[in-house]
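Notes to accompany the following structure.
Any read-out appearing in this document is the output of simple, stated calculations on the displayed coordinates, not a laboratory observation. Since this is a predicted model, take the numbers as computed values, not measurements. Cβ coordinates were reconstructed from backbone atoms using ideal geometry, including for glycine residues, and neighbour counts include every protein chain displayed.
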Amino acid sequence: MQGKRFQVSVQQADFDVSALQRALMQDNHEEGAIASFTGYVRASNARRDLHTMELEHYPGMTENSIRDILAQASGRWPLLNAGVVHRVGALRPGEQIVWVGVASAHREAAFGACEFVMDYLKTRAPFWKRELGEEGAVWVDARESDTERAKRWLEIDE
Amino acid sequence: MKVLFFARVREQLDCAGLELPWQPAFCELDALQEHLCQKGANWRDVLSQENIIRAVNHSVVDSSCVLTDGDEVAFYPPVTGG
């Protein structure tokens, strides 16, 4: 897996999940499994006035940290290919925000790596969400449950 | 040296970043942070928040570290992407 170029994109534009998934396939068809995750901007129960989710990031570090997370995943599981797309800028409820795709020979590695990448992305990659509504703009607080989920992977190592 | 602030920290400081001419006093991250805190009470309050994350050259650091001329340092709140 050394030297494998993972596809990482931080972009304003929407993305096509089926095209991204096809791009994970190689010519030699060694993939027996692709697991993918698509995250959407959720309408908030707490803030019914929410009309826009704004995403800020740290250009340069964001891409580097996602590459680092994918490299860690490929150190844990035998991955054939992987990719992450994360949108930034102004998004509305119902829009796609993030995609993670992982290809491997077997499902166990694909499922595991996909979940690992999302857990680490949520707690390490420098993105910040801000909710805009009728009542103004509010930065979204980090959730302890996300930190706990990411910590599970460290416990698995022990 | 470049110092960047993001999200809530950027808003609280009303500053996205600073370009600081290198001085030997900045050779430790903690010392650089103290220098920034001396810019005013608001700076000290914001940069002393318990959950603030510090990154040097795109890597998060858990404790103070050695800095050199040309380093890029960032201060930001816990991340909320995904």
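By per-residue mean of other Cβ atoms within 10 Å, what is the highest-first order of A:88-101, A:121-134, A:25-38?
Result, highest mean first: A:121-134, A:88-101, A:25-38.
Kindly work out what percent of the DSSP beta bridges joining two residues of chain B are antiparallel, to the nearest 5. Percent antiparallel among DSSP bridges in chain B is about 75. Among the trypsin sites (Lys or Arg not before Pro) found in the stretch A:6-65, those both in a DSSP coil and sparsely packed, with 11 or fewer other Cβ atoms within 10 Å of their Cβ, are A:Arg42, A:Arg48. Think of it as helices only: each DSSP H run of n ≥ 4 in the protein assembly as shown is worth -39500 (n - 2.57), and spread over all residues that comes to -10000 deg cm²/dmol at 222 nm. Take each residue in B:72-79, count the other chain C-beta atoms within 10 Å of its C-beta, and the mean is 5. Shielding by partners for peptide A:142-154, expressed as the average number of C-beta atoms from other protein chains within 10 Å of each residue's C-beta, is 1. With Cα atoms defining each centre, the stretch B:1-49 and the stretch A:97-158 are spaced 28 Å apart in the structure.
Annotation note: GluC sites (Glu not before Pro) in chain B located in DSSP loop regions with a Cβ neighbour count of at most 15 within 10 Å are B:Glu50. Figure legend: label point modelled 7 angstrom from the Cα of A:His29 along Cα→Cβ; residues of the stretch A:107-131 with amide N under 18 Å from it are A:107.
Take chain B, compute every pairwise Cα distance, and split them into 10 Å bins from 0; I just need the percent in each bin. That works out to 18, 58, 23, 2, in percent per bin.
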